[in-house]
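A.B. asks: One structure, pasted below without further comment.
The values are calculated or read from the model by the stated rules, or taken from the named source; none is laboratory data. Here the structure is a predicted model, which means the values were calculated and not measured. Backbone-built Cβ (ideal geometry, glycine too); neighbour counts: all protein chains shown. Quick note on the areas: whole protein, heavy atoms, side chains included, nothing else; ligands and nucleic acids left out. Shrake-Rupley method; radii C 1.70, N 1.55, O 1.52, S 1.80 Å.
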Amino acid sequence: MSEREAYHHGALPEALVTAAFEVLDEQGQEKVSVREVARRAGVSAGAPFRHFADRQALLTALADRVLADFEHWQEAQVAAAEAAGGSGMRALGLGFVRYALRHPRRFELVRSRVFAASPDPELRERLDGMDRAFTGLILADQQAGRLGPGDPDLVLLSGQALVYGLAQMIVDGYLPAEKAEELAVQVLDTFRQGIANRPAH
């Protein structure tokens with residue numbers, strides 16, 4: 001597709017984000033440049049600026065794509081766990097760590113654009129939707145008796161803090177990658193046991 005045809009079909013923004021995704025996975029966000037993305041998309045160096053004001057805008061669009069990919073990943077993790085009669089919350093936690101382990105460069109991008117003092121406001125709608133979905137899973141686990149009663153927002157924050165810290169320790173190399181999933185399972189189960197619903201004797 002020529003540059004003109006790409007503009008005509010409205011495909012260029014998507015092609016640019018796809019190219020940025022490739023650079024991210026191959027080399028990390030530091031190497032994601034407007035020039036390199038334009039080269040890979042087969043357009044002139046100035047063409048991306050008609051859709052993205054600068055590199056930061058391109059990175060925000062890329063972060064949104066990563067979050068969408070992460071959301072689909074988490075949905076699949078939860079569906080598999082629920083089909084086996086397991087906990088949706090546990091699946092979310094393990095899914096978070098698994099995603100970071102398999103895609104450390106995507107995790108680093110999300111960390112810098114979301115888990116920051118000033119998260120990208122453009123990502124707020126997607127993040128709010130994900131939080132609502134995750135809170136719903138916590139409520140479902142509570143109603144099923146897999147979790148004790150408590151503020152689901154606080155449970156969500158506690159779980160996020162746990163898996164974010166665990167994932168960062170793995171990505172940084174503090175925890176050995178070859179044992180990362182085994183350790184994640186043990187840590188998550190320890191966390192769940194601490195808030196599990198225990199019937200009175």
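A.B. asks: List the residue pairs whose Cβ atoms are under 7 Å apart, where the first residue sits in segment 128-148 and is assigned to a helix (DSSP H, G or I) and at pLDDT 90 or above, the second is surrounded by 17 or more Cβ atoms within 10 Å (Cβ to Cβ) and of a type in the set (S, T, N, Q), and the two are 6 or more positions apart or on different chains.
C.D. replies: From residues that are assigned to a helix (DSSP H, G or I) and at pLDDT 90 or above, there are no pairs.
A.B. asks: For ARG39, state whether it is among the basic types (Lys, Arg), in a helix (DSSP H, G or I) and within 13 Å of the chain's Cα centre (by Cα).
C.D. replies: Spelling it out, it is not the case that ARG39 is among the basic types (Lys, Arg), in a helix (DSSP H, G or I) and within 13 Å of the chain's Cα centre (by Cα).
A.B. asks: Could I ask something else about it? Can you name the condition, by its number, that ARG106 falls short on among (1) part of a helix (DSSP H, G or I); (2) within 17 Å of ALA140 (Cβ to Cβ); (3) open to solvent by less than 30 Å² (accessible area, probe 1.4 Å)?
C.D. replies: (2)
A.B. asks: Take PHE115 and tell me if it is in contact (Cβ under 8 Å) with a residue 24 or more places away in the chain, surrounded by 14 or more Cβ atoms within 10 Å (Cβ to Cβ) and of a type in the set (Phe, Trp, Tyr).
C.D. replies: The answer is no for PHE115.
A.B. asks: If the requirement is being farther than 30 Å from VAL32 by Cβ, among the acidic types (Asp, Glu) and buried (at least 17 other Cβ atoms within 10 Å of the Cβ), which of these qualifies: ASP153, ASP120, ASP141? Lay out the reasoning, then the answer.
C.D. replies: Numbers: ASP153 fails: buried (at least 17 other Cβ atoms within 10 Å of the Cβ); ASP120 fails: farther than 30 Å from VAL32 by Cβ.
One residue alone meets the criteria, ASP141.
A.B. asks: Now for a different question. Hey, GLY95 hits all of (1) in contact with an Asp or Glu (Cβ under 7 Å, 6 or more places away or on another chain); (2) assigned to a helix (DSSP H, G or I); (3) open to solvent by less than 30 Å² (accessible area, probe 1.4 Å) but one; which does it fall short on?
C.D. replies: The number of the failed condition is (1).
A.B. asks: Checking ALA6 against (1) open to solvent by 50 Å² or more (accessible area, probe 1.4 Å); (2) at pLDDT below 90, which test does it fail?
C.D. replies: (1)
A.B. asks: For VAL23, state whether it is over 28 Å from LEU156 (Cα atoms), modelled with pLDDT under 95 and either open to solvent by less than 60 Å² (accessible area, probe 1.4 Å) or charged (D, E, K, R) (or both).
C.D. replies: No, not satisfied.
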